[in-house]
Structure formats: C-alpha cells, structure tokens
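One structure below.
Just so it is clear, none of the values below were taken in a lab; they were calculated from the coordinates. This structure is a prediction, so every number in the text was calculated from the model and none was measured. Please note: Cβ atoms are built from the backbone with ideal geometry, for glycine as well, and neighbour counts cover all protein chains shown.
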Protein chains: 4
Amino acid sequence: MLRFGVIGYGYWGPNIVRNIQSQTAAKVVAICDKSEKNLKRAAGANPSVRVTSDVTELLNSTEIDAIAVVTPVWTHYDLAKSALEHGKHLFIEKPFTSTSAQAQELIEIAARKNLTIMVDHTFLFTGAVRKIKQLVDDGTLGKIYYYDSTRVNLGLFQHDVNVLWDLAPHDLSIIDHVLNMKPEAVVATGQAHINNMADVAYLTLYYPEKVIAHVSVNWLSPVKVRSTLIGCEKQMLVWNDLEADEKIRLYDRGVNITAQEGVYEALVSYRSGDMWAPKVEATEALKVEMAYFVECVTTGKKPFNDGESGYRVVRMLEAAEESLAQRQEIRF
Amino acid sequence: MLRFGVIGYGYWGPNIVRNIQSQTAAKVVAICDKSEKNLKRAAGANPSVRVTSDVTELLNSTEIDAIAVVTPVWTHYDLAKSALEHGKHLFIEKPFTSTSAQAQELIEIAARKNLTIMVDHTFLFTGAVRKIKQLVDDGTLGKIYYYDSTRVNLGLFQHDVNVLWDLAPHDLSIIDHVLNMKPEAVVATGQAHINNMADVAYLTLYYPEKVIAHVSVNWLSPVKVRSTLIGCEKQMLVWNDLEADEKIRLYDRGVNITAQEGVYEALVSYRSGDMWAPKVEATEALKVEMAYFVECVTTGKKPFNDGESGYRVVRMLEAAEESLAQRQEIRF
Amino acid sequence: MLRFGVIGYGYWGPNIVRNIQSQTAAKVVAICDKSEKNLKRAAGANPSVRVTSDVTELLNSTEIDAIAVVTPVWTHYDLAKSALEHGKHLFIEKPFTSTSAQAQELIEIAARKNLTIMVDHTFLFTGAVRKIKQLVDDGTLGKIYYYDSTRVNLGLFQHDVNVLWDLAPHDLSIIDHVLNMKPEAVVATGQAHINNMADVAYLTLYYPEKVIAHVSVNWLSPVKVRSTLIGCEKQMLVWNDLEADEKIRLYDRGVNITAQEGVYEALVSYRSGDMWAPKVEATEALKVEMAYFVECVTTGKKPFNDGESGYRVVRMLEAAEESLAQRQEIRF
Amino acid sequence: MLRFGVIGYGYWGPNIVRNIQSQTAAKVVAICDKSEKNLKRAAGANPSVRVTSDVTELLNSTEIDAIAVVTPVWTHYDLAKSALEHGKHLFIEKPFTSTSAQAQELIEIAARKNLTIMVDHTFLFTGAVRKIKQLVDDGTLGKIYYYDSTRVNLGLFQHDVNVLWDLAPHDLSIIDHVLNMKPEAVVATGQAHINNMADVAYLTLYYPEKVIAHVSVNWLSPVKVRSTLIGCEKQMLVWNDLEADEKIRLYDRGVNITAQEGVYEALVSYRSGDMWAPKVEATEALKVEMAYFVECVTTGKKPFNDGESGYRVVRMLEAAEESLAQRQEIRF
C-alpha cells in the first residue's frame, strides 16, 4: 500500500486525491493546504483523511511514502526538495520547476536517495496520446515530417506565468514523448497585449533528420481549438481533442517522389486513400497515470515521465522564452 | 473601352480573360502563350480574339492599352518591364516579382511613364476580405491584437518556389491591406522534407503597438485548412474560407481589465456574448477586381493593390526567407 | 422552507436531491428507494437526510410538504395518487403517467385538494428552449411553418417502454410549450428490430393554420444527433443541442411571395441575410425548474409544466402509438 | 457510334450533351429546344451540332439512334412515346413520368420494339452510392434495419410539382437500388405553406423483414442538409453528401442481444469500435451513367435503372401523395 501526502487542494488537487483513492494499492493519508477554505472542502470530501495547513506534518510523517505536489509552479522547487530530502517519492504537477537548474538539482537528489520522481504530464496517459504513440512506434505512420499543434482559447490569464508556461507544457511533453528525439534549437515569437506577459505565442522546434515541431498557444482566441497535425511519410494524422468520438483520424495520404533517369525534376505525385478513426480508450488519464506511479515506485521501474522528462520540458520553455525575447534561435 | 493583351493562358489565364470580357468597358484583343496547346485552348474559347506565341506583337500593338501578365513569377520582371516601357498599363499576377529590387524598378518606370500597376491580390476583392476590412475600418472590432492565419493542404508542390512564396502571398497581401501598418520585423521558421524547398513554414510579423501577425503554410497537410483568427479588443473574428455560408463569424467575446486601487494585480474578467455571421457578398472576386482596374486606369485613381502593395508583399517574403535561413529576426 | 420527500434514487434522483438542496427555500428531509445499494449511495452523499425503503414513512410524515417521484413510469400513477391523497404537492418525472386516463385522474385529485403538480419536463428550463420560446413569443421568428426534431443515438434500450415513450417526451413537451397550440391529429410510423418494441419511430403532428411538427427518434443510430429546425416566416432557427456554444442559430432567410397582377403564377423569391447566434444561458435547467416549483407552490401560481402539460404529452404519445399500430392518423 | 438527339437544353441539358460528347462511342447529332435563347446557347457551345426547335426533325432522322429527353416531367410521356414509336432508344430525366400508368405503357412499347429505356437516376452512379451498394451487397454492413434520409434546403419551389416529386426521387431511386426489395406500404405526411403544393414532406416505406425507410424533404430549411443514416446489424453507415471528402463513414457500432437461459429479459449490449471512411470515386456520375447507357444499348444488356426502376419510383411517389392526402397507409 503506497501512502500519499497531498500538498495543494485547489483546482487540480481533488482530482489527484480521487484518483489515488481509486487505486487498490494506494491511499491518501494526509492533505495539506494553506487556505482554510480549501482545507474545509478537503475534509468534507474526504472524511477519513487528515487535513492540515502545516506541510512539515506531511514531510515528517513516517506513515507517508510519497508526496504529491499540486501547487503553483513557483513553489515546486522548495516543496519537492523538502519531500525528497525527507525520503519521499515525488509526484509533481507540470511544469516540473521554474528553471532547468532547479529540475537538475531535484533529479540529482532523487538519484542519490533512490527515489522516484514523476511529473504529471497527464496528457501522455490519455487514450489519444497512447494511440498516437503506438501508431508512431509500430511504424504505421512512417517517418515523421512535422508535428503541429494549436492550443488556443479565451483565458485563463495566469498571474504568475505567461501563455507559454501555461499551455505549451502539454504540447512539449507530448512532442518529447512521441518524437523521442532531442531538439537542436528553438525559435519562439509572441506578444503581450493585456498585461506584461505574453498572451499569444508560437514556437518552432528543430529536430535532427528534418523533423520540425510547431506549437501555437493563445489566451485571446474567441474559439477553443485543440488540434494537432502530424505529417508523416506513410500516413498523416489529425488529432482533434474536442471531438467527443473520433479524436484521432488517420489519412492514407501522402506525397510520392519518383526520381526519373535523365530528367532533372523529380516527379511528385499525391496519394489519397481511406480515412480511419481508430477507437480511443476513454479511461480517465489521471487514473492510468496514478496506477503507473504506484507501479514504478513499487517495482523500481523508471517512469517515462520522470524528472528527466520534466527537465526537458522546462528546458524547452526556458529556451523558448529566451528566443522570444532575443528574436533568434536558441540552440540546446 | 480598355483593350487588353493577355500574356499567359495556363491555369489562371482563362479566368483573367473571362473576367475582362465580362466588363462592359474592357475587352481582350490578343492572347499570347508559348505553348501550342494553350494557344489552341485560347482560340477555341475565344474565337474573336487574336492568339499568338510572339509577345512583341502585343507589346507593339497600338490597339492594346494594358497588358495582363499571367505567367510564372520568374518571368514577371522582364515581361512587366517591357510592357511598361511600351507604355502599357500593367495587371500582373502575385507575387509581383522575384525580388523587391525588381519591384522597385517597375514602380519607378510606371511612375515616370504615368502608368497604372495593379498586382492581382485577388483575395482582397472577395466578399470575406471586404467585409473584414470594413469591420476593422469602421471600428466594430476595436484595436487589433493579432492576426493568425492557417493555410495548409496536400500539395501542390511548385518547381520554382517554396511554400512561403506559393501560399503566403495571399495572407501577406490581406494582412497588409487589413492592418494597414508597416511591419517592424519578421521571424520565420520552416523545413524542407520532400525536395530542397521548404514545404512547411511559419512566419511571425511584428508590428507597432503590439500588433502581431502569424502565418502557417504547409504543403504536407492531410486536410485542407483556410482559417484565420483576428483577436481584437471589442470583438473577435473567425474567418473560415472553406465554409459555404457563414465564412465570417464575429464573437462578442473579450477580456476586460479593471485596475483596482490599492490592489497589486489587475482584475481580469471575460466577456462572452452573441455570435454574428454577417452575410458576405458572393460576387466573383476577380470580376470586382477587374472592374476596379478599369476604373483606376480610366480615372487615374491609385489602386490600393498597386505596385507598392506588390512590393511590400515581396519584401516580406524576401525577409521571411532570410529569417528562415538565419534563424533570427529580420528588421525592415 | 419547502420540505421534500424524494422517492427514487437511481440515475436521476441524485440530481433532483442536489438541486433541491441548492435552493435557499427548500430542502430534502427524506429519501426513499427499494434498493439497498441506492439507499447506501443516498446516505453517503446526504449525511443529514433520512433514508428509508418504506414509502409510507414519507407519505405520513408531517415534516414533508412535497413529494418528488423519480421512479420508472409504470409506478408513477400509484405513487403520485398516494402523495396527492396525503396532501403532498407533486414533482414527478416525465412521462407523467402510462395512460392519459391516469393523468386526468391525478389532475382532478390535485385540483380538488388544491395541490400543485409539476411534471419534470426539464428541457423547458434549458437556456436554449427559454431563448426559443422568447424568440417565438416576441415575434422575432414570425409565423411558424414547421418544427422538425431529430433525436437519435445508439441505445439505451429500455425494458419497459419503446423509443417513442423514451425519447419523444422531450420533443413533445417542447413542441407543446413553444407552439402553444392544440394538435388536430398525429401520424406515426416505426419499426421494432431488436426486440418487440419500436426502436426507430417518426411522428407528424398536424396543427391548425398549416403548422406541422415532426419528430424522429431512433435507438439504432451510430451517431448522436440532437437537432431541431424551426421554419418560420421571418427568420429560421436551427437548434443543435450538442454544440458547446452557439446552440441556437437564427437565419435571416426565407421565401417571399409576390402576387403579380395579370400573372397567373406568384413570384417566389428567396431572402438570405445574416446569421445570428444569441448567447444562451448556461444555468443548470433542473436548478431553474426547482426554483420555479418552489415559487409555484409558495405563491399558488400555476406552472406551465403542470399536470395538464403532462397530460397533453402522454395523450400525444398514446395517440402516436395507436397511429403507429393502425398506420393511419389519430385525431385528437 | 451511338448517335443522340437531345430534347431540352435548359438547366440539365448541357450536362447531358457534354457527357455524351465525352464518350468515345457516342455523339450528339442534334439538339432541340422550344426556347430561342436556349437554342442559341446550344449552338454557341456545340458548333458542330444541329440545333432546331422542331422535335419531329429528331424523331424522323435516320442519323439518330437514341433520344435523350431532358424536359419537365409533364412533357415526358408524349415525348418518350413518340421517341420509342420512332424506334429510338430512350434516355430520360427523372421522375420517369407523371403517372405510373404512363410508365407502364412506355415500358410495354419499349419491350415490344426491343428498345432500351434508361431513367436518369444520376445519384446511382455517384461514387458514394456505388460504394454503399457494394458494402451492402458484399455483406460488410450485414442485415439492414433502416434507411433514413434527410434532403432539405431553401427552395427551389417548382411551379409544377411539390417537394415530394422534386426532391424525393433521388432518395427513392437510391433506396430501390440499395435495398433491392419491394415495399409493402407507404405512409406520408406533409404540409403546404407558401402556395398550394406541399413544401415539407415525410414518407415512411415499410419493407418485408422489418426493414423501414424514411425520407424527409423540405424546401423551407434555412440550411442545406443531404444526410443519410443506414442502420445495419454489423456496421452502421452515415453518408453526408455535402462533405468534400469522407462522404461515407462506417461505424463499427451496434447492438448485441444475448438470450439468457432462465432469464426473462434478453441482455442488450452495445458495441463501439473504429470508424472508417473509405475512399469514394470522384468521377462525374453522369459520365459513368452515359457510358453505361451506351454499353446497354450496344450489348442489349438490361440497365438496372431501366423503365421498371423508373416505374417503381413513380409508383412510390404516387402512393406517397395519396397517403399524404388520406393520412393513412397505402399498400402496394
């Protein structure tokens, strides 16, 4: 039985608690929050769980094996460091940390103390992303040309982070997971209109072998869009996360190049065949992820969304922000 | 009666001829094309019009007042220069020229000889763009925050230009027309997958007063998308050019900022009201444009899609290509 | 304070309880269900409410002013009759009863004892239907020509009622409310494929003044559709209940008839103008309805979704079923 | 070489002429129309074809093997009869005739004179319907439960026929072709709002083995809909003819019934798998149909869209109109 202390019971905390409690091999023993109102909500919904505003209670408790950090990003480093130093495994919200240096330090502590870090890149556990990952890995799609994501809506303006740090972590964690490549450089652009933080931003990641990824994030869109194109050699994929069914569509479309002897120009032809929408699992992503965390801690298996994965996303955000400011590429 | 010689009768030429012939104050007197096959088609469809493969016939003819150049971009400069030097008004396909220096030279010749240049930025004459322009100019939308266009499809690969020069001129001419501002800098990214020319590209234009424009063009998309978001202070607009009806949707949505005395953080609230899809005129854009050309030549009025407009689009393309290669901003 | 006893805590009961509890002037004092499992759920979610499997406890309680009947339709008549005879106001699920004769009897008892009956035609309290009702009543739409609804999906097969009794009550209650007319006749068709109850059915209602209504219901559709067309003289309305935003669209489209002197045929022309999607209130329908019930009981106001409204829907279902069997119209 | 005379050069005639001319084994030798304006258009577009306003020229010409009748339905019977009596094969617009008695007479004449009749049920030759037919015939869909079509739009009001005769022939010919069954009865409803002809109508066809078909046609819809559901045992199909691509979608969805021993109620469960959009041929339907006509005349093969097929559609329309008037089923 893996026993959790959960720090933070705001918007996302209740989901974490509920999905830990739904596991047979895990349970929440304590919840901590600074806000009296949140603690009341926590107590009401979880009568059998200790609630407290004192984080040291959780850190010092011998009944707690793992800490879930579900607080704003600027608090992550301190809380995570304390948790690890107290010998607790760590489940932590994305983005992992505010800086890549912090991320590296946490990774080192965990390694030294043989603890598991899992960064809550929830999207990786959705049926859609698991299906995409499978289609890439089993060769159905063929060589990837580009990954292009649009994630725009009206609000919610964050007080402490810009639109890149708010929305792009989803895409960057998915790109990192699906492409499984190290980017060479990033170019980002954007603008702040409402206050002094960018509310519209675009970033391009350059990968080896001509792979390119583009992410568009925007807090000022009248319509909500969650759509991704993945262009590949064999098949092309459209993922529309707002569709109730058929979130993923595979198109048997592409470009064929025929080199012709004695002819200067290659012959370009187009292929257009069937479309196929594979069934996508509907299990709640966070439930799948939590079971994976329990499994990793229990067996010592290294999660793919570990501290390194969290570090890579933070590093991309950091570099993107730098690029946005300097208006030139930042190489990794 | 404005008498035209038309050079080039490939894909677009027949539309130019048909729309000149539909004007009461204009007519085509001669068509020139290098290809025997095209000339036959031209003769079949236009029994009363002279056809020839010799461009000098058109240039030297005293029966011709204006030349329409409907040929690949790399031929534009030479043909346009000859036409102007022979005292002909010029209607010319987009992009205007291969380089901004060529564009400037043609503008100077036309100015010296008091001739009209119109660059065929056809989209400016669609009902959709005319409606957008009106909504911006009459203040319905309020201050513009950003213009964000996606123009992607499968193919057609061009042999002589990359995806930027193929697809972006549409967006750049519209952005130039609608924003009516001079950009300060451009940042472009992209990649070539199939041959050595970029088939996926993104560009961001920085304008004064925090206005930003982004264009996404792609020859490797499984689905065709022609969609534009325009985020503004009062209303927000979505233009989906693939919709049969309701191409334009206006959303009474936005962000309100309330500064609060004594409070550090401004209060951000969201406004969400009705949506409205104004009726959009369905008259063929090229017909409206051709009437405008005839009017401009006849009255001496300066068209808004004149050589300068053509120059600005070419200059943006040139700078974008440079930025794509250097991976840094190019300032104008 | 209006004090409720709730009978039935299956699928819909928890929503009824929650929305009573959310009212300031009402509260649930007891919940009754035959199933041990449901009672446990009820007790867990409502620690301060008495739970019991004995319905007479609720009927005899002097602490209870109103009974909410949230059970299968075949139990409605007995439960409702007992509630009324014990002097309780009645909030009851749709369809009101299994036969129109039962409905009439309940209406008479309530009238005699001066009690309020409200039938839970929840859809009438959605933002969409309230907006439609307003647009009809204030003359925006003009004279109604037809009302055409499609309500299809895969399953859920009911064990005790066919697809007409399962899905059509929604449409019939809305049609009754919006048209506010008495139908003259009904023609229904349909077929049973899976078991002996119709799983696909269509019904046409004939109203005075050439108004016609059509309802298509289907348990065997691969896709879920909830869409209604309302054709009127001035404007035409499309209601797509599956849209997240813009559920209602108003089209300034129509047909104009011009009688011409001395000409045999009238001139038919078409009008096609703007489309407008008014903002639709998002408040939970059941919450609005429950506040209305409290208001009606308290003030003695007659609800529009009273027993008579419930009767009319049951009468239409009864007649439709008869028409389906006889394959001819049934007149009212 | 099959030589055609074409009678009628209004809206559809030019398409017939163009598609005859595109065949290698057929050609148009004469076009006849009463209208001077239409004849001028015909001559302009077909310089090598004789044009005339005298139909007897065509009937008496020994150079003509087949007559295409492309005129309003009320003229069909007389023109078709004359053509057949003059020994010409017949290609005729839908609906075949104004009455089923006329259809039968024409079929008898053709049989006696060994001539081919083809009724222009163009939709049967679209890629979509050919794909549907194939999926039904090869067993992919399994046993058919229902066919449900919606064909609505704003206008065009016809002066001589109601909405049933205008729009439903498309659906009825497809239903006849795809189901390949004889209907037992029809029930139709509808209403006339604008003039004295029904502008909104619904019809239900009852077939053996619990197969049911429903058609909704409407001239007063603000939006254009062309959508068909086909519910079957193994797979379910949605055909949206307004989609540019993916007109046909196959859903691996359905209902499974498990009879359980000793249990009164059968267990109903739902199956929900992948969706698949097979590629649909884009060849112009009329071109395919015309090649088929030439083939049938030349080889003596009986077309599936022969006079009998035309008769069946007219008979269904006739019966539907009768049912609409009498408000009861009409049995075949």
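Label-to-label distances for C:Trp74 across copies, nearest first, come out at 5.7, 6.4, 8.1 nm, using points 7 Å from Cα in the beta-carbon direction. Each of B:Val17, B:Trp74, B:Ile31 was placed along the dipole of segment B:2-115 (beta-carbon charges, centred on the mean Cα), and the one lying farthest toward the positive end is B:Val17.
Between D:His214 and D:Tyr147, D:Asp148, D:Ser149, D:Leu205, the built amide H atoms are under 5 Å apart, and every one of these is 5 or more places off in sequence or on another chain. One compactness figure for segment D:2-115 is 1.00, namely its Cα radius of gyration divided by 2.2 N^0.38 Å. Label-to-label distance for C:Lys210 and B:Asp245 is 2.1 nm, based on points extended 7 Å past Cα in the beta-carbon direction.
Taking the longest Cα principal axis of chain C as reference, the axis of helix C:100-113 is set at about 60 degrees.
Inter-copy label distances at A:Met181, using a point 7 Å along Cα-to-Cβ, come to 3.5, 5.5, 6.5 nm with the shortest given first. Quick one: helix B:127-137 against the long Cα principal axis of chain B, what's the angle to the nearest 10°, folded into 0 to 90? Once rounded, one gets 50 degrees.
Using the Cβ-Cβ distance between D:Ser53 and B:Thr299 with R0 set to 45 Å, the FRET efficiency works out to roughly 0.45. When the Cα positions of D:Ala201, D:Thr140, D:Thr116 are compared along the charge dipole of chain D, D:Thr116 comes out farthest toward the positive end, with charges on each C-beta of Lys, Arg, Asp and Glu. Between the Cα long axis of helix C:36-45 and the first principal axis of chain C there is an angle of about 90°, rounded to the nearest 10.
Return P(r) of chain D (all Cα-Cα pairs; 10 Å bins starting at 0; whole %; ordered from short to long distances). So the P(r) values, bin by bin, are 6, 23, 31, 25, 11, 3, 1, 0. Shown in residue order for segment D:197-208 are the 3J(HN,Hα) couplings computed by the Karplus curve 6.51 cos²θ - 1.76 cosθ + 1.60 at θ = phi - 60°: 10, 3, 10, 9, 8, 9, 9, 10, 10, 9, 10, x Hz (x for Gly and Pro).
The label point for A:Asp252 and the one for C:Lys143, both projected 7 Å from the Cα toward the Cβ, are 5.5 nm apart.
Partners of D:Lys301 within straight-line reach, counting aspartates and glutamates whose Cα lies under 19 Å from its Cα and excluding those fewer than 8 residues away in the same chain: D:Asp65, D:Glu108, D:Asp120, D:Glu289. Bridgeable lysines around C:Lys302 (alpha carbons under 22 Å apart, same-chain partners fewer than 8 residues away excluded): C:Lys27, C:Lys81, C:Lys88, C:Lys94, C:Lys113, C:Lys131, C:Lys133, C:Lys182, C:Lys287. D:Phe332 label point (Cα plus 7 Å toward Cβ) to equivalent points in the other copies: 3.4, 6.6, 6.8 nm, shortest first. Using the alpha-carbon positions of segment A:281-324, Rg (one decimal) and Dmax (whole number) come out as 14.4, 42 Å.
Per residue, the convex hull around the alpha carbon atoms of the protein assembly as shown comes to 222 Å³.
When chain D is turned onto chain C, its residue with the beta carbon nearest the axis, and that distance in whole angstrom, is D:Gln328, 2.
A:Lys210 sits among other residues whose Cβ lies under 12 Å from its own Cβ, and their net charge, with Lys and Arg +1 and Asp and Glu -1, is -3. Magnitude of the charge dipole for segment B:62-190, about its Cα centre and with charges confined to Cβ atoms of Lys, Arg (+1) and Asp, Glu (-1), is about 300 debye. In order along segment B:236-242, the Karplus-derived 3J(HN,Hα) couplings, from 6.51 cos²θ - 1.76 cosθ + 1.60 at θ = phi - 60°, round to 10, 10, 10, 10, 10, 6, 8 Hz, and Gly and Pro are given as x. Relative contact order (percent) for chain D, with alpha-carbon contacts under 8 angstrom and 6 or more residues of separation? Across chain D, relative contact order equals 19 percent. Look at the dipole of segment A:2-115 built from charges on Cβ: of A:Thr62, A:Ile7, A:Val49, the Cα furthest out on the positive end belongs to A:Val49. Placing unit charges on the Cβ atoms only, positive for Lys and Arg and negative for Asp and Glu, gives segment D:2-115 a dipole magnitude near 340 debye about its Cα centre. Inter-part distance, segment D:187-219 to segment C:145-224, computed on C-alpha centroids, equals 15 Å. Amide H contacts for D:Ala198 (H built 1.01 Å from N in the peptide plane; partners 5 or more residues away or on another chain; cut-off under 5 Å): D:Val163.
Put simply, the amide H of D:Ile31, placed in the peptide plane, has neighbours under 5 Å in D:Val6, D:Arg50, D:Val51, D:Thr52, leaving out anything fewer than 5 places away on its chain. Segment A:Lys40..A:Tyr270, full-extension length gain: 76.7 nm, with 0.36 nm per residue of separation and the alpha-carbon distance subtracted. Here the sum of -39500 (n - 2.57) over DSSP H runs of 4 or more residues, divided by the residues of chain B, equals -10500 deg cm²/dmol at 222 nm, to the nearest 500.
Local charge for B:Leu250 was computed over the other residues whose Cβ lies under 11 Å away, with Lys and Arg +1 and Asp and Glu -1, and equals 0. For segment B:81-155, a Kirkwood hydrodynamic radius built from all Cα pairs, placed in the Stokes-Einstein relation at 4 °C and 1.567 mPa s, yields a translational diffusion coefficient of 85 µm²/s. Couplings for segment A:46-61, taken from phi via the Karplus curve 6.51 cos²θ - 1.76 cosθ + 1.60 with θ = phi - 60°, read 9, x, 8, 10, 5, 10, 7, 9, 9, 5, 5, 4, 6, 5, 8, 5 Hz in order; Gly and Pro are left as x.
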